[in-house]
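Since every read-out is calculated from the coordinates, none of them should be taken as a lab result. For clarity, every value in this text was computed on a predicted model and none was experimentally measured. Cβ: placed from backbone, ideal geometry, glycine included. Neighbour counts: every protein chain shown.
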Amino acid sequence: MAHCRIYTDQALSEAQNITLSDEIGHYLRHAMRLHEGDGITLFNGQGGEYRVSLEQLSRQLSTCYVETYRDVSRELGIPIHIVQCANKSDKIETVLQKATELGAASFQIANSQRATLKLTGIKLEKRLERWQRIIIEAAEQSGRTQIPTLYWHNHLSDVQSMGQSFALHPYQAMPWSAVRNTFAEASTISFAVGPEGGWSQDDLNTLQARGFQSLSFGCRILRTETVAPALLAAMQGLLE
């Protein structure tokens, strides 16, 4: 059986008993088929992870004992932030899942001139909850010790640039080869990925005003949901 690794927002420390949420307890009983006495790993996104043993696992109450702490990090050496245009929801979900597995530090989902996803009110709240769950599950699966943060921006002008910031664009842009050797010296990097039809000129002007430079990532045109995972995989090769 694969070892079970679970995120919790609770404070954790060695030699303590904690009560698990009903959701986690249900998952451990019914999805993982675990029993009292079994061991799992917990992490809370504050760094490291904890080995715990299940003490009670019932419908009424789920508790565990925190045995040991492991000071481990599986994060990229440099925080890499992804700005993703508000495309169709299934494409955003793919980006969130794969980019979390590959080490993204945060996501900013932003509307743009050619955005195809419009969300407000309750629909936006529910979608953000779903996206956050996808991020957490990807972090659990991939061994991440931190949870990427998630932001929604109604306007592209609200996007924050962090560190060296680039807007991916296939034409009249700086080539990847011109900047890749500078990445190892950066403290933080941001990549902005456009919609299915690409950034409009107005979008590029807005991003430039926010501190983003246009960057070309090779001679092939990638689908919008492919770009962020491809960038993170390339960065992993450069940094690790």
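Test of understanding: ordering Trp199, Trp152, Trp131 by Cβ neighbours within 10 Å, fewest first, what list do you get?
Trp152, Trp131, Trp199
If you place +1 on the Cβ of every Lys and Arg, -1 on the Cβ of every Asp and Glu, and leave all else neutral, what size is the dipole of region 80-239 about its Cα centre, to the nearest 20 Debye? Walk me through the numbers before you get to the answer.
Values: 15 positive and 13 negative charges, 49 e Å.
Its charge dipole is roughly 240 debye.
Using 0.36 nm times the number of residues separating Ser157 and Gln60, minus their current alpha carbon distance, what extension gain do you get?
Full extension from Ser157 to Gln60 adds 30.1 nm.
Under Stokes-Einstein, with the Kirkwood radius over Cα pairs standing in for Rh, what whole-number D in µm²/s applies to region 33-116 at 20 °C and 1.002 mPa s? Present the calculation step by step, with values, prior to reporting the outcome.
Details: Rh = 16.0 Å.
Reported coefficient: 134 µm²/s.
In debye, nearest 20: dipole of region 5-70 around its Cα centre with unit charges on the Cβ of K, R (+) and D, E (-)?
Once rounded to the nearest 20, the dipole reads 180 debye.
Quick one: 3J(HN,Hα) in Hz for region 46-62, Karplus 6.51/-1.76/1.60 with θ = phi - 60°, rounded, Gly and Pro as x.
Running phi through 6.51 cos²θ - 1.76 cosθ + 1.60 with θ = phi - 60° gives 9, x, x, 8, 10, 8, 10, 10, 6, 9, 9, 9, 9, 5, 7, 7, 10 Hz.
Just name one of Ile40, Asn111, Ser73: the one whose Cα is farthest towards the positive end of the charge dipole of region 1-118 (beta-carbon charges, Lys/Arg +1, Asp/Glu -1).
Of the options given, the answer is Asn111.
Fewest Cβ neighbours within 10 Å first, please rank Lys126, Lys88 accordingly.
Listed from fewest to most nearby Cβ atoms, that is Lys126, Lys88.
Give me Cys64, Cys4, Cys219 sorted ascending by neighbouring Cβ count inside 10 Å, so fewest comes first.
Cys219, Cys4, Cys64
At what distance in angstrom do the alpha carbon centres of region 64-108 and region 135-212 lie from each other?
14
Could you list the square roots of 5 times each eigenvalue of the Cα gyration tensor of the chain, that is, the equivalent ellipsoid semi-axes, sorted largest first and rounded to whole Å?
The equivalent ellipsoid of the chain has semi-axes of 38, 20, 14 Å.
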